[in-house]
Amino acid sequence: MPNVQSKNFLRQHSLSIATALILLTWIVLYIRSNPSTHLGSFFGNAIADWTGLLVTVVATKFLYETGSAESRKPPRRWLSPMIEALQNHSLTIFLLVTGAGWVWLFAVSNPSSKWGQVVGNIVSEWTQIFGVVILTKSLMEANSKESKPVKPEAGQVTR
């Protein structure tokens with residue numbers, strides 16, 4: 001019988017674990033499929049989509065973007081303004097750096113190859129995630145639970 005600590009870990013991280021397992025399933029199915037078929041093409045697109053979902057789940061758990069409705073509020077524990085600025089925008093920095101890596105990989109790969117198509121779709125997914133983070137800093141959608149007005153922090157200038 002699993003101990004309480006392992007049950008608690010699984011409960012606290014069940015979304016990340018389930019998403020990673022589903023992504024792994026799409027990867028295995030894509031490896032075994034022909035990308036020229038509808039099913040193979042679907043598996044390749046699913047890899048990009050579920051990679052984006054996994055990044056969204058995990059990155060928003062640990063990283064921050066001040067002012068974005070998609071991000072938690074960062075803790076105020078840093079003394080250095082530079083470190084605090086890096087923390088406040090760590091989600092955007094992470095997406096830009098890893099996105100640049102995906103763009104580079106796509107640039108050096110054959111876009112019509114089996115994995116080149118998947119990497120191209122991942123670049124598109126990264127662009128969408130980055131766009132949502134940036135757009136939710138200032139734009140809203142009426143009646144959307146995720147789109148709530150963000151109150152400015154003390155001393156923060158609003159536009």
* Candidate set: segment 115-141, residues that are among the charged types (D, E, K, R) and farther than 11 Å from residue 45 by Cα; chosen: the one modelled with the lowest pLDDT -> 141
* To do: Output the residues belonging to segment 98-144 that are of a type in the set (Val, Ile, Thr) and without any contact (Cβ under 8 Å) to a residue 12 or more places away in the chain.
  => 108
* **When residues of segment 94-119 are limited to those that are among the aliphatic types (A, V, I, L, M) and exposed (fewer than 15 other Cβ atoms within 10 Å of the Cβ), the one farthest from residue 135 (Cα to Cα)** => 108
* Go through (1) surrounded by fewer than 16 Cβ atoms within 10 Å (Cβ to Cβ); (2) modelled with pLDDT under 95; (3) among the hydrophobic types (A, V, I, L, M, F, W, C) and name the single condition residue 91 misses. => (1)
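The values are calculated or read from the model by the stated rules, or taken from the named source; none is laboratory data. Just so it is clear, the model here is predicted, and its values are computed rather than measured. Positions of Cβ are generated from backbone atoms using ideal geometry, with glycine treated the same way; all protein chains shown enter the neighbour counts.
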